[in-house]
Structure formats: C-alpha cells, structure tokens
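Structure first, then comments.
The values are calculated or read from the model by the stated rules, or taken from the named source; none is laboratory data. Quick caveat, the model's predicted, so the values are computed rather than measured. Quick note on the areas: whole protein, heavy atoms, side chains included, nothing else; ligands and nucleic acids left out. Shrake-Rupley method; radii C 1.70, N 1.55, O 1.52, S 1.80 Å.
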Amino acid sequence: MDEQKLVCVKCREPLVQGDVTLSYMGSNFPVKLPKCPRCGLVYIPEALATGKMQQVEAALEDK
C-alpha cells in the first residue's frame with residue numbers, strides 16, 4: 001500500500017510520517033509511522049502489527 005495516499009478517516013487529512021511512541025506492558029518504543037497532522041490518528045500497517053509488533057508483545061509476555 002502506498003502510504004503517501006493514506007487519508008485520515010476522521011479528518012480527511014493526508015497522513016504524514018511522524019514520530020510515534022508505542023507502549024506495551026510498561027515498555028515504550030519510538031517509531032516513525034504515518035499519522036494525521038490534525039488529530040494524531042496513527043496508521044499501523046497490517047504487516048507491522050502481525051509481524052514485528054506481535055513478536056515483541058510475545059517476548060514481553062514471556063518475561
């Protein structure tokens with residue numbers, strides 16, 4: 001999917017790459033993801049959610 005063509009479903013603004021901090025079980029992860037410049041809604045690609053993020057969640061839950 002072309003991230004430059006993503007549009008916020010709430011504000012209808014084009015999403016822009018920005019710094020985002022993801023948090024899970026007390027750990028914070030700074031990443032760059034497409035987000036709405038108006039409301040801050042973040043788009044997480046499915047491949048990231050079902051790939052790396054799922055691996056990190058499983059690793060944290062196993063601790």
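On the accessible surface of the chain, probed at 1.4 Å, how many percent belong to carbon and sulfur atoms?
53
Just the number please: accessible area per residue for the chain, 1.4 Å probe, all protein chains included, in Å².
77
Enter the angle in degrees (range 0 to 90, nearest 10) between the Cα long axis of helix 52-62 and the first principal axis of the Cα atoms of the chain, meaning the one along which they spread out most.
Roughly 30 degrees between the two axes.
So how do M25, M53 rank on accessible area, 1.4 Å probe, biggest first, that is with the largest at the start?
Of M25, M53, the descending order of accessible area is M25, M53.
How big is the chain on each of its three principal axes, counting only the C-alpha atoms and giving the largest first in Å?
Extents along the principal axes: 41, 22, 17 Å.
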